[in-house]
Amino acid sequence: MKNDTTPQDAAGATDRRAVWHRQRIRMERLGEKHTPNGRQATRHWDLFKVLLGAFDLGLKLTGLHERGVRNALNIKLTCLELAFTDLPAAFDGFRILQISDPHVDFLPATTEIARGLAKDLDPDICVITGDFKRGFSGPFDHILPALRDLISGISARHGVLGILGNHDTADMVEALEDLGIRILVNETRTIERDGARIHFTGTDDVHYFYTDAARHALAEAPGGFKVALVHSPELAGVAADRGTRLYLAGHTHGGQVCFPGGRPVITHLTCHRGYASGLWRHGTMVGYTSTGVGVSALPVRFNSRGEIVLITLRRQEQA
Ligand SMILES: [Fe+2]
C-alpha cells in the first residue's frame with residue numbers, strides 16, 4: 001500500500017482524527033441521528049421496539065424462531081466481476097473481499113462461518129464496511145478475539161481496510177487498528193501497481209453520524225479510479241457526483257427479514273431505499289450493498305441470506 005505522507009501530512013491527519021474523535025463522542029452521547037438529509041430527534045424508536053418484541057414472541061410461539069436462526073447461519077460467498085472502461089490496466093483482475101456487518105457478539109457462529117468462507121480466497125485487499133459489534137454503546141473488548149481470528153484467516157496482500165458503522169463507537173478505532181484493520185475515517189488510502197493508482201475513500205457512518213467531513217473526503221480524493229467505502233448507501237448521490245466509480249456499502253442486512261421474493265420489511269435507510277441490497281447503479285457509478293454477515297435486533301433471517309462478497313475488477317476496452 002502506498003504511503004507517501006510527509007511529517008506535516010501525518011501531523012495534519014492526527015489533528016483531524018482528534019477533532020473527529022471529540023465530535024463523534026459528543027454525537028454518541030446526544031443519541032441523535034445525523035443523516036445526510038438532516039438531524040432527527042432520536043435514533044431509538046419506541047414503536048419499533050414494541051413491534052420487534054411482538055414479532056420475536058410470534059416467532060417463538062409458532063416455532064419459526066429456530067428456522068430463522070438456521071437461515072441466519074446459511075451464509076454464502078457471492079462472486080462478482082465488475083468491468084470499467086477507466087480502470088487502469090494494471091488493476092485488471094484486482095480482487096476486493098468485502099465483509100460487512102459482522103456484529104460479532106450477536107450469533108457469534110456467523111463470524112466463524114464467514115472466516116471459513118474467506119480463508120482460501122487470497123484477495124488483493126479486504127474491506128470491512130462497518131458494524132463490528134451488536135450494541136450502540138458500551139464496552140467492546142469482548143469482540144476483539146473473534147475479530148482477530150477473522151482477520152488472521154485473511155491473506156490480502158494490500159491489507160484490511162475498515163470503516164465504522166452506526167453500531168460502532170469512536171473509542172473502538174485504536175483497538176481495531178491494533179488488530180491490523182486500517183480504519184478510514186473520512187480519508188483516502190491509495191494503492192499503486194506498476195505506476196497506476198486506485199483510491200479507497202472511507203467515511204464515518206452516515207446513518208447516525210453524518211458530518212460534512214464525509215462529503216469533503218469524497219470530494220478531496222485524488223483524481224483517477226475511486227472506490228468509496230460507506231456503511232450505508234445513503235451517500236450514493238454525493239459519491240457519484242464526486243466521480244466515485246464503485247461504492248461499497250452494507251448496513252441494511254438486505255432487510256434481514258424480507259417478504260417472500262426478498263423485498264425488505266424495513267431497510268433502515270432515509271434515502272436510496274432502492275439500494276438496500278445487491279448491485280445497483282447511480283448515474284455512471286456502480287454500487288453494491290452487501291446483505292452482510294451478521295444480524296442485529298433479532299438473531300434470525302427470513303428471505304434474506306447473509307454473505308461475504310468477492311469482487312473482481314475488470315478493465316473493459318472501449319468499443
Ligand atoms: Fe448492521
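For segment 186-221, what are the residues that are part of a loop (DSSP other than H, G, I, E, B) and more than 23 Å from HIS142 (Cα to Cα)?
The answer is ASN186, ASP194, GLY195, THR203, VAL206, HIS207, TYR208, TYR210, THR211, ALA221.
Limited to segment 124-153, what total is found for residues that are in a loop (DSSP other than H, G, I, E, B), away from the ligand (no atom under 16 Å from the Cβ) and modelled with pLDDT of 95 or more?
1
Residues that are buried (at least 22 other Cβ atoms within 10 Å of the Cβ) and within 16 Å of the ligand (Cβ to nearest atom): find the strands (runs of 3 or more DSSP E) completely inside segment 222-319 holding 2 or more of those.
Correct list: 246-249, 285-289, 307-315.
Filter segment 245-285 for residues that are in contact with a His (Cβ under 8 Å, 6 or more places away or on another chain), among the polar types (S, T, N, Q) and within 21 Å of ILE75 (Cβ to Cβ) and give the result.
Within segment 245-285, just THR252 meets the criteria.
Looking at the structure I just gave you, is ASP204 crowded, with 16+ Cβ neighbours inside 10 Å, under 21 Å from ARG39 (Cβ atoms) and in contact (Cβ under 8 Å) with a residue 60 or more places away in the chain?
Judged against the criteria, ASP204 is a match.
Suppose we filter segment 154-176 for residues that are within 16 Å of the ligand (Cβ to nearest atom) and assigned to a strand (DSSP E or B); how many remain?
Of the residues in that region, 1 qualify.
Looking at GLY68, GLY53, can you tell me which residue is assigned to a helix (DSSP H, G or I) and over 26 Å from the mean Cα position of the chain (by Cα)?
GLY53
The values are calculated or read from the model by the stated rules, or taken from the named source; none is laboratory data. Given the structure is predicted, the values throughout are model-derived calculations rather than measurements. Neighbour counts are summed over all protein chains in view; Cβ atoms, including those assigned to glycine, are modelled from backbone coordinates with ideal geometry.
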